[in-house]
């Protein structure tokens with residue numbers, strides 16, 4: 001007697017894309033999605049970089065470029081003659097500034113330009129602080145004029161515009177003397193410095209004026225450096 005063995009049920013195998021609720025990707029579709037995500041991230045970073053604020057620009061209050069010149073004068077001729085400062089030479093940070101041999105700013109002087117701090121060499125000696133251009137800074141000023149040498153100073157931010165024959169200057173620093181004048185009837189009491197320009201005005205005691213006298217900048221010129229160096 002022959003026994004028939006039943007055949008196994010037929011099984012149909014469907015490709016993945018035909019299964020319900022199943023999303024398949026073409027072989028290169030995943031890499032396309034990844035590249036799109038990376039591109040979007042790069043665009044977001046680029047926009048962030050455009051909106052970011054760069055490093056704050058450093059203001060130069062005493063631009064010691066060779067050839068720079070400043071001319072100063074008192075309010076009336078009887079109080080003194082106009083005089084000039086000229087940057088005559090520079091080697092690295094060491095600068096020679098020609099000034100008249102007389103008056104409240106005798107010269108020539110040798111300076112060390114450290115940007116926010118300018119030092120001076122007196123009689124060929126070591127450099128000591130002459131000016132500081134950081135608000136809140138305090139220092140003992142060394143100066144070739146005996147009426148200012150050894151005086152105490154502080155740097156402040158000036159809130160008012162400073163008017164001079166050379167123009168009106170804003171965003172200036174006010175260098176203010178805090179100690180008594182060394183001389184009975186002479187000595188610098190306050191100075192105003194403008195960024196990118198230099199010293200624009202100062203008050204000094206004057207015997208003939210009977211008190212403080214304001215000297216002002218009447219003209220100035222600064223050469224443009226083609227190399228971007230001072």
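Bear in mind these aren't lab numbers, they're just calculated from the coordinates by the rules spelled out. Computed from a predicted structure; not experimentally measured. Backbone-built Cβ (ideal geometry, glycine too); neighbour counts: all protein chains shown.
You can think of it this way: the chain between residue 160 and residue 207 has 14.2 nm of extra reach, that is 0.36 nm per residue less the Cα-Cα gap. Of the peptides 63-69, 213-219, the order by per-residue mean of other Cβ atoms within 10 Å, starting with the highest, comes out as 213-219, 63-69. Working from Cα pairs under 8 Å separated by at least six residues, relative contact order for the range 69-221 is 18 percent.
The convex hull drawn around the Cα atoms of the range 69-221, when projected onto a plane and averaged over every direction, covers 8.6 nm².
Full extension of the chain between residue 89 and residue 69 gives 6.0 nm of extra length, using 0.36 nm per residue less the Cα-Cα distance. Here the range 170-207 is scanned for amide nitrogen atoms under 18 Å from the site 7 Å beyond the Cα of residue 128 along Cα-to-Cβ, giving 177-183, 187-188.
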